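To keep things clear, I will list the structure first and then write my remarks on it.
The values are calculated or read from the model by the stated rules, or taken from the named source; none is laboratory data. What you see is a predicted model; the values in this text were computed from it and never measured. Counting neighbours? That spans all protein chains shown, and the Cβs are built from the backbone with ideal geometry, glycine included.
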Amino acid sequence: MYYPYVPTYYEDSTREQKGVGSIRGITEKLSYLNEDVGVDAVWPSPFYKSPMLDGGYDVDDHMDVNPDFGTIADVEELVQSCHNRDMRIIFDYVSNHTTITHPWFQASRKREPGYEDFYHWNAGKRDKDGNPTLPNNWPSRFSEPNKKARERGEFQDLGLDEPTPAVPMWQWDDARGEYYMRTFIKEQADLNWNNPRVEKAMLDIMRFWRKKGVDGYRIDAVNHMAKDPSLADEQRNPSYNEQESDNPMEQWTEDHYCNYWPLLEKYITKMCEVLEHDGGRDPFILLESYATAERLHKMTNIKPHLAATFNFVVMASKWDAGTRKKLIEEYLDNLPKGAIPNHVNGNMDNSRTATVLGDAAARSAGMINIMLPGMTIIHNGEELGLHNGHVPADRIKDPNGFRDDYRTPMIWDDSLPNAGFSRAAEGDLYLPINKNDLHLSAERQKRNSKSTLRMYRAAIELSRVESALADGKYVPLETTNPNVYAFARANGDNHAVVMTNFSNSTQSVAIRNGQTHSYNSRISSVDVKDNNMNNISLHRGFELKPNESIVLTPKR
Ligand code: GLC
């Protein structure tokens, strides 16, 4: 599954250039995705009508298309073009909120009949002078700006050890004379899914795109849909560390303002049922939630065959063999039966993998994900090993201020100034090009047999043609070297072994589990296909290059 971030993916060459990616741009790049990367499914970022205050996750109309990106006809053409290539496509469904410019919010703030309770309104408590105060202590998920404000010298009255206050989840609205709930920015108001009219209107949106052929959805911020109706205060999170945390929201538990179980289960079930019963092609749903492993598996357990939570467990973890092995095995062991595992190294909300891990380790991280059972989810540019850009303050689009660096335009070729992304004037681009990465362009990498792109292509291909990798079960392996993580995939008489060196130096390693086969190396994250390592004995041992990941199959 591949995520093109629409605003910065590709502006189709035939339209008048605006400096913004387009739907037809993705359609034009399907041959790249399908043939050069090798993926068979795409999930474009939200392309709906939007003021673009949160990258399109702020929706004015879920059933219309942002004219900067294209038209409904363009979306239909994209779906059809995917299906013509036997690729699947899921849409980003922003379920938790709409913008405050959305007609529903406009009607709700005026208490128009039928819309009074479309959002979570509350008159608040009263202070001693009778002025409204916040209904409870719930925090906004986007509380990072307060931390930055404190660094700039605001909140001076706070003692050194006192946590930075979170941004309140409640926003006062003068027009209605009440607070509304907003988990994200103040322009994104949370929908009240407890209102049957909201539920119907939102599920109709799923039906609308499904009729146009979409294969499923990625449900944005799903755990935030469910709030405790008692509005009980959150408790202090005992493991919060003011010095280490960038987000003051983390000082609170997450039991009431999101994750509220009976409701979360109900909403996920309802969304799944829409797709289960509509007679369309086999649907697929990915649920986005940053929560404990236990909570994530509980959500996946609702409809395991249909809707799985994203697996973000390795994304923030150390590049260390023991840590990764533990996290991956815990995830696979606890995954509800029938669910398709998925693996994520990075996404549009988090620092780019090559920046976090370094280039060689990022390639290996990609290789591991492709070789594990289930689905790999690729953030656009990961297949090129792109790095974070540096978006200057006057070009920032992200309301949190830090995510634009992960979202700079794709590097299609090494032409200046726009790297093949668009032909608009450089200053008009949605975000600036990261010129430090020009040498990593897709065009260049297509021609270099050892490039990251060619590694992804070859690894994906191998994972499909080798039956043990296509559907073999995961088998943990113990190595003689703590810097090396190894596992096998086994299917009847076939098996494959995946070994990864997590250190920056060459490492000798063996697996002493009695395997006496002689193995051939099929792919390496370093040399891709030219590594000529044949007749390897796992029992006697061999050497892995720094941060190298390799796949071995028994010599036939
Ligand atoms: C999700 C998206 C993020 C967005 C937020 C609010 O976490 O991944 O980009 O800002 O939801 O919709």
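Name the strands (runs of 3 or more DSSP E) wholly within segment 441-555 that hold at least 3 residues that are surrounded by 19 or more Cβ atoms within 10 Å (Cβ to Cβ)?
The qualifying strands (runs of 3 or more DSSP E) are 484-491, 494-501, 519-524, 549-554.
I'd like to verify a number: residues in segment 456-472 that are touching a Lys or Arg at 6+ places or on another chain (Cβ under 7 Å) and more than 16 Å from Met367 (Cα to Cα), how many?
The qualifying residues number 1.
Kindly establish whether Glu382 is away from the ligand (no atom under 16 Å from the Cβ) and modelled with pLDDT of 95 or more.
No: the conditions fail for Glu382.
Could you check how many residues of segment 77-119 are acidic (Asp, Glu) and surrounded by 14 or more Cβ atoms within 10 Å (Cβ to Cβ)?
At the first step, the residues of segment 77-119 found to be acidic (Asp, Glu) are 77, 86, 92, 112, 116-117.
Then drop every residue that is not surrounded by 14 or more Cβ atoms within 10 Å (Cβ to Cβ), which leaves 77, 92, 116-117.
Matching residues across segment 77-119 total 4.
Between residues in segment 40-65 that are farther than 23 Å from Leu30 by Cα and at pLDDT 95 or above and residues that are near the ligand (Cβ under 10 Å from one of its atoms) and part of a strand (DSSP E or B), which pairs lie under 7 Å by C-beta distance while being six or more apart or on different chains?
Going by the 7 Å Cβ cut-off, the qualifying pairs are Asp54/Gln188; Asp58/Gln188.
State which residue pairs qualify: first residue farther than 18 Å from Asp54 by Cβ and modelled with pLDDT under 95 and inside segment 183-202, second residue in a strand (DSSP E or B) and within 16 Å of the ligand (Cβ to nearest atom) in any location, beta carbons under 8 Å apart, and separation of 6 or more residues or different chains.
none
Looking only at segment 345-352, decide whether some residue is away from the ligand (no atom under 16 Å from the Cβ), under 17 Å from Tyr2 (Cα atoms) and buried (at least 23 other Cβ atoms within 10 Å of the Cβ).
No, segment 345-352 has no match at all.
Any chance you could count how many residues in segment 169-202 are under 23 Å from the mean Cα position of the chain (by Cα) and over 19 Å from Pro399 (Cα atoms)?
Total satisfying the criteria: 2.
Mind listing whichever residues of segment 10-54 are crowded, with 19+ Cβ neighbours inside 10 Å, away from the ligand (no atom under 16 Å from the Cβ) and part of a loop (DSSP other than H, G, I, E, B)?
Hits for segment 10-54 are Tyr10, Glu11, Gly19, Val20, Ser22, Lys29, Gly38, Val39.
What residue, of Arg363, Arg423, is over 20 Å from the mean Cα position of the chain (by Cα) and more than 16 Å from the ligand (Cβ to nearest atom)?
Arg423
Out of the residues in segment 501-549 that are in contact (Cβ under 8 Å) with a residue 60 or more places away in the chain and of a type in the set (Val, Ile, Thr), which is farthest from Ala459 (Cα to Cα)?
Within segment 501-549, the match that is farthest from Ala459 (Cα to Cα) is Val526.
Say whether the condition of being basic (Lys, Arg), in a strand (DSSP E or B) and either in contact with a Pro (Cβ under 9 Å, 6 or more places away or on another chain) or within 16 Å of the ligand (Cβ to nearest atom) (or both) is met by at least one residue in segment 184-195.
Scanning segment 184-195, I find no residue that is basic (Lys, Arg), in a strand (DSSP E or B) and either in contact with a Pro (Cβ under 9 Å, 6 or more places away or on another chain) or within 16 Å of the ligand (Cβ to nearest atom) (or both), so the answer is no.
Just give me the residues in segment 88-104 being within 15 Å of the ligand (Cβ to nearest atom) and not β-branched (Val, Ile, Thr), in sequence order.
Let us first name the residues in segment 88-104 that are within 15 Å of the ligand (Cβ to nearest atom), namely 90-100, 102.
If the condition is that a residue be within 15 Å of the ligand (Cβ to nearest atom) and not β-branched (Val, Ile, Thr), then Phe91, Asp92, Tyr93, Ser95, Asn96, His97, His102 are the ones that fit.
Hey, can you tell me all the residues within segment 203-238 that are part of a loop (DSSP other than H, G, I, E, B), farther than 27 Å from Asp92 by Cβ and free of Cβ contacts under 8 Å to residues at least 60 places away in the same chain?
Pro229, Ser230, Gln235, Asn237, Pro238
Do we find that Glu273 is surrounded by fewer than 20 Cβ atoms within 10 Å (Cβ to Cβ), touching a residue at least 40 places away in the same chain (Cβ under 8 Å) and not small (Gly, Ala, Ser) in this structure?
no
Report yes if some residue within segment 239-256 is part of a loop (DSSP other than H, G, I, E, B), within 23 Å of Pro51 (Cβ to Cβ) and within 24 Å of the chain's Cα centre (by Cα); otherwise report no.
no
When you go through (1) modelled with pLDDT of 95 or more; (2) surrounded by fewer than 17 Cβ atoms within 10 Å (Cβ to Cβ) one by one for Ala316, which number turns out not to apply?
(1)
Against the conditions (1) touching an Asp or Glu at 6+ places or on another chain (Cβ under 9 Å); (2) touching a residue at least 60 places away in the same chain (Cβ under 8 Å), where does Trp172 fall short? Just the number, please.
Among (1) touching an Asp or Glu at 6+ places or on another chain (Cβ under 9 Å); (2) touching a residue at least 60 places away in the same chain (Cβ under 8 Å), Trp172 violates only (2).
Condition check: of a type outside the set (Ser, Thr, Tyr), crowded, with 20+ Cβ neighbours inside 10 Å and on the phi > 0 side of the Ramachandran plot. Does Asn259 satisfy that?
It is true that Asn259 is of a type outside the set (Ser, Thr, Tyr), crowded, with 20+ Cβ neighbours inside 10 Å and on the phi > 0 side of the Ramachandran plot.
If Ile377 satisfies all but one of (1) within 15 Å of Ser503 (Cα to Cα); (2) within 16 Å of the ligand (Cβ to nearest atom), what's the number of the condition it fails?
Of the numbered conditions (1) within 15 Å of Ser503 (Cα to Cα); (2) within 16 Å of the ligand (Cβ to nearest atom), the odd one out for Ile377 is (1).
Filter segment 142-161 down to residues that are assigned to a loop (DSSP other than H, G, I, E, B) and free of Cβ contacts under 8 Å to residues at least 12 places away in the same chain, then give me how many there are.
Let us first name the residues in segment 142-161 that are assigned to a loop (DSSP other than H, G, I, E, B), namely 142-143, 152-161.
With free of Cβ contacts under 8 Å to residues at least 12 places away in the same chain added as a condition, the list becomes 152-160.
Here the count works out to 9.
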